[in-house]
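Chemist: The structure's right below; bear with me while I get my questions together.
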Amino acid sequence: MKQVILSIATMLMMGISAFAGVNDEVKVNQQAQQSFKRDFTNARNISWEQKQDYVKVTFSLNEQVLFAYYNNNGELQAVVRNIISDQLPLNLLADLKKDYNDFWITDLFEIASEDQTTYYVTLENANKKIVLKSESASSWNVFSKTKKNIDQQ
């Protein structure tokens, strides 16, 4: 399960999760379609992407864009949503404000799968880009860290 969450998070960090319109011509696994219709009966603006090992569904529900990932057996693996910092658990938000006060948030999302919720936040300043991950909702761990190229002009 951790591998599924890690691969979903990696795809999101690479910017694969652009919101697209409905595409009826995409051939999508029927089991995943049936499961999605059962799981999200009020979904709107549905867009399907069939990949080799999974199906990604982009949709809106209750005025929010969500991403659902199903395996090829039609089993829901995870639901991902972008969030704002105020939607983080209070201790995670407090840690960000305390430890990363000189950074700004450029990406923040929540992955819900089975009984686990995982948060990822991308923080940037002039010199660094840091991605933090929290699996326990109690503390952050560094997922990745890169230095920015600063051109001298």
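Chemist: Please compute, over every Cα-Cα pair in the stretch 65-153, the percentage with a separation greater than 20 angstrom. Let's see the in-between values first.
Modeler: Working: 1603 of 3916 pairs.
Value for the stretch 65-153: 41 percent of Cα pairs lie more than 20 Å apart.
Chemist: Give the accessible area for I130 in Å² (nearest 10); use a 1.4 Å probe, count only protein heavy atoms, and leave out ligands, DNA and RNA.
Modeler: Solvent-accessible area, nearest 10 Å²: 10 Å².
Chemist: Still on this structure: What length, rounded to one decimal in nm, is gained on full extension from Q116 through to I150, with 0.36 nm per residue of separation minus their alpha-carbon distance? Display every interim value, and only then the final one.
Modeler: On the way: separation 34, 0.36 × 34 = 12.24 nm, distance 3.83 nm.
Using 0.36 nm per residue and subtracting the Cα-Cα distance, I get 8.4 nm.
Chemist: Can I ask one more? For the stretch 32-89, report the accessible area per residue in Å² (1.4 Å probe, heavy atoms, rounded to an integer). Let's see the in-between values first.
Modeler: Values: 3170 Å² over 58 residues.
Ligands and nucleic acids excluded, the result is 55 Å² per residue.
Chemist: May I pose another question? Counting only pairs 8 or more places apart or on different chains, how many lysine pairs in the stretch 40-153 have C-alpha atoms closer than 13 Å?
Modeler: Numbers: K128/K145; K128/K147; K128/K148; K129/K145; K129/K147; K129/K148; K133/K145.
So the count works out to 7.
Chemist: With every protein chain in place, what's the accessible area of V55 (1.4 Å probe, Å², nearest 10)?
Modeler: Near enough 0 Å² of accessible area.
Chemist: Roughly how many Å² of E114 are accessible to a 1.4 Å probe, to the nearest 10?
Modeler: 150
Chemist: Now for a separate question. Using a 1.4 Å probe on the protein heavy atoms, what percent of the accessible area of the stretch 44-122 belongs to carbon and sulfur?
Modeler: On the way: 1810 of 4210 Å².
After summing per-atom areas, the C and S share lands at 43 percent.
The values are calculated or read from the model by the stated rules, or taken from the named source; none is laboratory data. Predicted, not measured: the structure shown is a model, and the values here were computed from it. Side chains included, ligands, DNA and RNA excluded: accessible areas come from the protein's heavy atoms. Shrake-Rupley method; radii C 1.70, N 1.55, O 1.52, S 1.80 Å.
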